[in-house]
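Reviewing the structure listed below.
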Amino acid sequence: MNRRNREAMFFNLFRVCALIVVLALVVILGYVLINGIGKWSIDFFTQDPRPNVHGALVEGGILGPLVGTIYLMLLVMVIAIPVGVLGSVFLQEYFGGTRIGRIWWMVVNNLAGVPSIVWGLLGVALLVYYLNFGLSLIAAAVTLSLLVLPLIMVATKEAVEAVPSSLREASIALGATKWQTVRHHILPYSTSGILTGIILSISRAGGETAPILLTGVAVNASIPGALGDQFQALPYYIYLMTQTTDRTQAYAMAYGASLVLIALIVGLNLVAIIMRNRYREKYRW
Amino acid sequence: MPIIEIKDLNVHFGENHALKNVTMSLDKNQITAIIGPSGCGKSTYIRCINRMNDLIPGCKVEGEIVVDGSNIYAKDVDPVDIRKKIGMVFQKPNPFPKSIFENVAYAPKIHGLVQKDGKSKKATKNELEETVEWSLRRAALWEEVKDRLGKSAYTLSGGQQQRLCIARALAIKPEIILFDEPCSALDPIATAKIEDLLIDLKKDYTVVIVTHNMQQAARVSDKTAYFYIGELIEYGITEQIFEKPTKELTEKYITGRMG
């Protein structure tokens, strides 16, 4: 086989791989869309799940799970963003290049790979029982925050590293303190990269089932009025639907809810893309 | 009259002994050029004068650098205060990705403006504008940018960016300005402009310049120091260094037989 044919062969191989990826995405999204969109109605969004005659929660809507998931995402944002971003900047700017810094990052990188059920176990053992949070919204939010912290930290680290050190030096040489340099330069210049990490993390938190299952989600809990209340959530609701015997009705509800979850995440990503482009436009070097 | 006195300066980066027993004094309102082959410690040396080496993990500086009568490496000295008084311009132009105005106004904004009694206070908008204009004029850039101060600094050419960085350093009202190979990324025309500016700045400032370009050192400097593998080999009046160097190493370097 000559070089040209070989190239053509590999190109076609890549083409097929790319096609598989795109097709998989289109099929999954399309399938969820076709099966789920029919369930979308005012009632679907404004009513709580209700049991049918057999006691399965396949009637009504998904108000409770939707609100629960939004609460979770908001709480995770409030907890994980400041801790993750500032922690990462601290490690990078104050411990960067030192031995302690390297060991620390090794730990963070490994934490990013810990399975979510393990975080759930930690959450239930440490937060729910040992620290007496009880099965609650806050216990689940903290558990999810711990789960996504490494993601936010790694994304922040990469964004911060992408800021040229010449800009750091420029600021320091003008007599700025380290904190002023971080606050006025490093953070603004790396915002677009940090945002990407944040959105990914929040999406991940919104879609996790295992950790919340152990730390506070409950069937037909009412919309939480306090951090100590139990709650419903979309991924758990979807899981419940697949466990129901009344498949036709339950699966339809599951697809409807899945579509909502996907829409939520796509929406978040759109916001992130818009914000990212604005920042990229503002700070370009 | 010396403004900077360096005594027994030794710098280590971990195992690497980067500067060895450097002792020299630099004169006020003069341009001192630092020359030498790559890796001779030129940049390390100039970065000691405003304590930029503090940023590098594993860097250890011993000895004294006395600026205006006080040792900047004394225990109770905050390096941030040192850098407020000594400006620095780097190899590659490194303006902030902000507007031209914001670049020059940055230091006065965070430090406030120094008043007659020596204390600083927060700058008003008017004072900031004055300082920015003054600095840009002093850096010979005002005429070129006065109509587009709000534009990004990255819309400027390389030479303009470097003059912007000079203006930014001037805005802290330093006594001393350090230039670390300021023309190495510029074309000859932009380089000539910077050199003219350097000579003009000497009236009001003490200038230290590291350069790879020996002609540049000969053109602009009053005194020249030649470094080789971390040691100060020869230091004296520029003409003498270039015409009658006393050390063989210096002669080899300036005649191009080494480096």
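The local environment of A:TRP179, defined by Cβ-Cβ distances under 13 Å, has a net charge of +2 under the rule Lys, Arg +1 and Asp, Glu -1.
Spin-label model, A:ALA226/A:ALA263: points 7 Å from Cα along the beta carbon direction are separated by 3.4 nm. Estimated purely from DSSP H runs of n ≥ 4, each contributing -39500 (n - 2.57), the mean residue ellipticity at 222 nm for chain B is -10000 deg cm²/dmol once divided by its residues. Simple rule: put +1 on each Lys or Arg Cβ and -1 on each Asp or Glu Cβ in chain A, find the dipole, and look at A:GLY228, A:VAL83, A:SER41; the Cα lying farthest toward the positive end is A:VAL83.
Beta carbons within 10 angstrom, averaged per residue: use that to sort the peptides A:216-225, B:40-49, highest first.
Details: A:216-225: 17.7, B:40-49: 23.1.
Listed from highest to lowest mean packing, they are B:40-49, A:216-225.
Using C-alpha pairs below 8 Å separated by at least 6 residues, the relative contact order for segment A:1-75 is 17 percent.
Taken as Cα centroids, segment B:1-68 and segment B:93-112 sit 27 Å apart, rounded to the nearest whole angstrom. Sorting B:178-185, A:165-172 by average packing, meaning the other beta carbons within 10 Å per residue, from highest down gives B:178-185, A:165-172.
For chain A, with only Lys/Arg (+1) and Asp/Glu (-1) charged at the beta-carbon, what is the dipole magnitude about the Cα centre, in debye rounded to 20? Once rounded to the nearest 20, the dipole reads 1160 debye.
Computed from label points 7 Å out along Cα-Cβ, the spacing between A:VAL114 and A:GLU93 is 2.7 nm.
The angle separating the long axis of helix B:125-138 from the principal Cα axis of greatest extent in chain B is about 40 degrees.
Once you have the Kirkwood Rh of segment A:25-95 from its Cα pairs, apply Stokes-Einstein at 37 °C and 0.692 mPa s and quote D in µm²/s. Walk me through the numbers before you get to the answer.
Details: Rh = 15.6 Å.
Taking Rh from Cα pairs, D becomes 211 µm²/s.
Per-residue mean of foreign Cβ neighbours for B:53-66 is 1 (Cβ atoms of other chains, 10 Å radius).
Summary of the geometry: segment A:160-186 and segment A:214-285, compared by the centres of their Cα atoms, lie 38 Å apart. Our note on the geometry: Cα centres of segment B:181-251 and segment A:65-79, 62 Å apart. For helix A:247-282, report the angle its Cα long axis makes with the longest principal axis of the Cα atoms of chain A; keep it between 0 and 90° and round to the nearest 10°. Between helix and principal axis, roughly 20 degrees. Extending 7 Å from Cα along the Cβ direction at B:ILE56 and again at A:GLN249 yields two label points whose distance is 7.4 nm.
Relative contact order of chain A: 25 percent, from C-alpha pairs under 8 Å at least 6 residues apart in sequence.
Net charge of the neighbourhood of A:ILE117, taken over other residues with C-beta under 15 Å away and scored Lys/Arg +1, Asp/Glu -1, is 0. The mean sequence separation of alpha-carbon pairs under 8 Å and at least six residues apart, normalised by the residue count of chain B, gives a relative contact order of 27 percent.
Counting only other chains, what is the mean number of Cβ atoms within 10 angstrom of the Cβ of each residue in peptide B:90-103?
Numbers: counts 4, 1, 2, 2, 10, 4, 10, 10, 6, 0, 0, 0, 1, 2.
Average neighbour count from other chains, rounded to a whole number: 4.
Along the axis of the charge dipole computed for segment B:1-85 (Cβ charges of +1 for Lys and Arg, -1 for Asp and Glu, origin at the Cα centre), the listed residues B:HIS17, B:SER38, B:GLY58 are led at the positive end by B:SER38.
Rounded to the nearest angstrom and ordered from largest down, what semi-axes does the equivalent ellipsoid of the protein assembly as shown get from its C-alpha gyration tensor (root of 5λ)? Show your work: numbers first, answer last.
Values: eigenvalues 743, 131, 110 Å².
Rounded to whole Å, the semi-axes are 61, 26, 23.
Sum up the charges of everything whose Cβ sits under 11 Å from the Cβ of B:ASP78, counting Lys and Arg as +1 and Asp and Glu as -1, but leave B:ASP78 out. Could the numbers behind the result be given before it?
Working: positive: B:ARG51, B:LYS75, B:ARG83, B:LYS84; negative: B:ASP54, B:ASP76, B:ASP81.
Net charge around B:ASP78: +1.
Calculate how steeply helix A:137-161 sits against the longest principal axis of the alpha-carbon atoms of chain A, using the helix alpha-carbon long axis, and give the answer as 0 to 90 degrees to the nearest 10. Helix A:137-161 and the main axis of chain A meet at about 30 degrees. A protection proxy built from the mean count of other Cβ atoms within 10 Å ranks the segments B:155-165, B:238-248, most packed first, as B:155-165, B:238-248.
Subtract the Cα-Cα distance of A:ALA18 and A:LEU131 from 0.36 nm times their separation in residues, and report this length gain in nm to one decimal.
Numbers: separation 113, 0.36 × 113 = 40.68 nm, distance 4.85 nm.
Full extension of this stretch gives 35.8 nm more.
A viscosity of 1.567 mPa s and a temperature of 4 °C, combined with the Kirkwood radius over C-alpha pairs in the Stokes-Einstein formula, give segment A:42-282 a diffusion coefficient of 67 µm²/s. For chain B, the percent of C-alpha pairs falling in each 5 Å distance bin, counted from 0 to the bin holding the largest distance, reads 1, 6, 13, 17, 18, 16, 13, 9, 4, 2, 0, 0.
For the peptide B:81-89, the mean number of other protein chain Cβ atoms found within 10 angstrom of a residue's Cβ is 3.
Of A:TYR239, A:THR181, A:ALA205, whose Cα points farthest to the positive end of the dipole of segment A:144-261 (charges on the beta-carbon: +1 Lys, Arg; -1 Asp, Glu; origin at the Cα centre)? Result: A:THR181.
Any read-out appearing in this document is the output of simple, stated calculations on the displayed coordinates, not a laboratory observation. Since the model is a prediction, treat every value here as computed from it, not as a measurement. Ideal geometry is used to build each Cβ from the backbone, glycine not excepted, and the neighbour counts take in all protein chains shown.
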